[in-house]
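Participant: The structure follows.
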């Protein structure tokens, strides 16, 4: 899709209410299922979020409830990504420390204090 078309769609989406946004999402998902190859969500959290959202929409819950829940799940996903990044940094530092040659302790001889 060209950039001009993307920008035009984004402008229209930005002005839409949440309710209208879900109607647009339904239509886009319909078109996707009919004409395009399915693109699966990337990570586990994305898959869980999409499943929860679809279940809530199928249960015809109020838009405010769905929006609030998805906002909460998005925040949780951001926290989890931060924790993963912090964990990876710790592991990388531990690997670097394990790979570096051990430091030889410099023995300091006590100075003889002669009077």
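Participant: Considering only residues that are surrounded by 11 or more Cβ atoms within 10 Å (Cβ to Cβ) and touching a residue at least 40 places away in the same chain (Cβ under 8 Å), which ones fall in the stretch 29-68?
Facilitator: Residues satisfying the conditions are 63, 66, 67.
Participant: Note down all Cβ pairs under 7 Å where the first residue falls in the stretch 6-28 and is within 19 Å of residue 60 (Cβ to Cβ), the second is modelled with pLDDT under 90, and they're at least six residues apart or on different chains.
Facilitator: 18/63; 18/67; 19/63; 22/57; 22/63
The values are calculated or read from the model by the stated rules, or taken from the named source; none is laboratory data. If you're wondering where the values come from, they're calculated on a predicted model, not measured in any experiment. Positions of Cβ are backbone-derived with ideal geometry, glycine not excepted, and every protein chain shown enters the neighbour counts.
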